[in-house]
Amino acid sequence: MMMMGSQYEESLRKLDLTVYLFGERVLNVVDHPMIRPSMNAVALTYDLAHLPEYAEIMTATSHLTGRAINRFTHIHQSAEDLVKKSKMGRLLGSLTGCCFQRCVGMDALNALSITTHDIDARLGTDYNRRFLKYLEYVQERDLTCDGAMTDPKGDRSLPPHAQADPDLYLRVVERGKDGIVVRGAKVHQTGAVNSHEIIVMPTVAMREADRDYAVAFALPSDTRGITYIIGRQSCDTRKLEGETFDRGNLSFGGHEALVIFDDVFVPWERVFLCGEYEFAGPLVEQFASYHRQSYACKVGVGDVLIGAAQTAAEYNGIEKAAHIRDKIVEMNHLNETLFCGCIACAAEGHRETSGTWMVDTLLANVHKQNVTRFPYEIARLAQDIAGGLLVTLPSEKDLKAPETGRWLEKYCKGRTDVPTEHRMRILRLIENLTLGAAAVGYLTESMHGAGSPQTQRVMIARGVNMKAKQAAAKRLCGISEE
Ligand code: SF4
Ligand code: FE
């Protein structure tokens, strides 16, 4: 059954999560003003799936049951599925203007569908059956899964087993008849407290000495022993100021959390990798490639920012100036170049032996490398067009107060036919996207999400066929080394 946004919200209310923010336990997570905008964004992934005009992009047919499911729980069955996934990311980015969080779980499910199959084929294990049973559980209930990969990592020069504190990478501390006990933490967990499930994977390739760290599993998010500590975002307390338009984005936002696993029990049925260290690397690469494709979301957020910059230009009466028009073209050029990358890696996808369709790894890494750069340039141009008022603008309260309001009405006005309040609202949105809470998603997350820039450069160096390029060059100029 595909849930509506309202049903999703109600299902979150039934969870008994251990969440902390500002040093205090948050008992009502769903209605907390700093968390609720992120819940709203995930809720949209549910509501859109029920609208006929988005059905093609937002829903898919389960390869397990043949039933219609939300695409966020689907295992890609063709290159067309992968292309639709990219389009879904852009669509949701443009409708929320923020990170809508649900892609990490989708990417974890797809990566595990490949890896569990490959481990079984090589070692005769039983992981794929367990995984498919779990997948059906997720698809039938239309659950949101948090994909948890990044460990705290401690001293980056040391492998997991050599850290002074052995818990700096999540590990198995006990193996029993019924299951395993795990200890450690996952950092930067996007959408963690909006999720029904948390799917844990290793974060680096591993050797035999790290076998206790080679573990993948899924747990209900409110399992005993899991604690969530919500991260701060730039300007996040604006959300505590009530309904003010100083928030920039009135309804949506993202959140990240530090998630701690303090000796948590996982039944064997929910364990998908345990000790097969040689498969940690492939699982990381598959998840990372899928998630690098998922950064189609930033194209949608870029659409919002470009629209805001054009609007700000019009409110200032400068939209016809040649240099403004050229800057808008430049922003669109960069944004559509990003779109080319996420469509290309999808269209060039291939079928794995498990039947799952995988993106082209080289192109997915090239796409994500572009994402680490272009949004910064688009944001720079948006700030250029918006002008300095972007950061010196008084608050909505000053606009509404009788003493100051008349001065703001008079001196913050742009074009005569545009209400001053409209001009203030669009500037606040640009602030939100380039400096405020949403800049976490549009800029820093573009830099570090799905792996920092250097990880993509390593994959690009590994992925290109340098020998073929050299042979092509040598052939044309008559070098023969036979
Ligand atoms: Fe999805 Fe983008 Fe958020 Fe990652 S940053 S979870 S890809 S919306
Ligand atoms: Fe992300």
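The values are calculated or read from the model by the stated rules, or taken from the named source; none is laboratory data. Given the structure is predicted, the values throughout are model-derived calculations rather than measurements. When we count neighbours, we look across all protein chains shown, and the Cβ atoms used for this are built from the backbone with ideal geometry, even at glycine. Areas reflect the complete protein model, heavy atoms only, side chains present, ligands, DNA and RNA absent. Shrake-Rupley method; radii C 1.70, N 1.55, O 1.52, S 1.80 Å.
Would you pick out the residues in segment 189-216 that are more than 16 Å from ligand 2 (Cβ to nearest atom) and within 20 Å of the chain's Cα centre (by Cα)?
If we filter segment 189-216 for residues that are more than 16 Å from ligand 2 (Cβ to nearest atom), which is where we start, we get 196-197, 200, 202, 204-216.
Scanning segment 189-216 gives 196, 197, 200, 202, 204, 216.
Check segment 157-168 and report whether any residue there is open to solvent by 20 Å² or more (accessible area, probe 1.4 Å), within 20 Å of the chain's Cα centre (by Cα) and away from ligand 1 (no atom under 16 Å from the Cβ).
The first filter runs over segment 157-168 and keeps only residues open to solvent by 20 Å² or more (accessible area, probe 1.4 Å), leaving 157-159, 161-162, 164-168.
Add one more test, that the residue is within 20 Å of the chain's Cα centre (by Cα), and what stays is none.
No, segment 157-168 contains no residue that is open to solvent by 20 Å² or more (accessible area, probe 1.4 Å), within 20 Å of the chain's Cα centre (by Cα) and away from ligand 1 (no atom under 16 Å from the Cβ).
Within segment 76-105, take every residue that is away from ligand 1 (no atom under 13 Å from the Cβ) and either of a type in the set (A, V, I, L, M, F, W, C) or in contact with a strand residue (DSSP E or B) (Cβ under 7 Å, 6 or more places away or on another chain) (or both) and give me the one that is most open to solvent (accessible area, probe 1.4 Å).
Here the answer is 77.
Does any residue in segment 448-469 that is closer than 10 Å to residue 362 by Cβ and open to solvent by 40 Å² or more (accessible area, probe 1.4 Å) come within less than 7 Å, Cβ to Cβ, of a residue that is away from ligand 1 (no atom under 16 Å from the Cβ) and in a loop (DSSP other than H, G, I, E, B) six or more places away or on a different chain, and which pairs are these?
Close Cβ pairs (under 7 Å, with a partner that is away from ligand 1 (no atom under 16 Å from the Cβ) and in a loop (DSSP other than H, G, I, E, B)) do not exist here.
Looking only at segment 5-20, count every residue that is in contact (Cβ under 8 Å) with a residue 24 or more places away in the chain and more than 15 Å from residue 44 (Cα to Cα) and tell me the total. Can you show your working first?
So in segment 5-20, the residues in contact (Cβ under 8 Å) with a residue 24 or more places away in the chain come out as 5-9, 11-12, 15-20.
Now restrict to residues that are more than 15 Å from residue 44 (Cα to Cα): 15-20.
Adding up the residues that qualify gives 6.
Exactly one condition in (1) open to solvent by 40 Å² or more (accessible area, probe 1.4 Å); (2) within 16 Å of ligand 1 (Cβ to nearest atom) is false for residue 42; which is it?
Among (1) open to solvent by 40 Å² or more (accessible area, probe 1.4 Å); (2) within 16 Å of ligand 1 (Cβ to nearest atom), residue 42 violates only (1).
Within segment 280-305, take every residue that is away from ligand 1 (no atom under 15 Å from the Cβ) and crowded, with 24+ Cβ neighbours inside 10 Å and give me the one that is farthest from the chain's Cα centre (by Cα). Steps first, answer last, please.
Within segment 280-305, the subset away from ligand 1 (no atom under 15 Å from the Cβ) is 280-286.
If we keep only those that are crowded, with 24+ Cβ neighbours inside 10 Å too, we end up with 280, 283, 286.
Numbers: 280: 21, 283: 18, 286: 15 Å.
The qualifying residue farthest from the chain's Cα centre (by Cα) is 280.
Restricted to segment 182-201, and to residues that are touching a Cys at 6+ places or on another chain (Cβ under 9 Å) and under 13 Å from residue 108 (Cβ atoms), which residue is most open to solvent (accessible area, probe 1.4 Å)?
Among residues in segment 182-201 that are touching a Cys at 6+ places or on another chain (Cβ under 9 Å) and under 13 Å from residue 108 (Cβ atoms), the one most open to solvent (accessible area, probe 1.4 Å) is 190.
Looking at 461, 450 in this structure, which one is more than 16 Å from ligand 1 (Cβ to nearest atom) and within 30 Å of residue 291 (Cα to Cα)?
Exactly one of 461, 450 is more than 16 Å from ligand 1 (Cβ to nearest atom) and within 30 Å of residue 291 (Cα to Cα), namely 461.
The conditions are (1) farther than 30 Å from residue 348 by Cα; (2) under 21 Å from the mean Cα position of the chain (by Cα), and residue 41 fails exactly one of them. Which is it?
(1)
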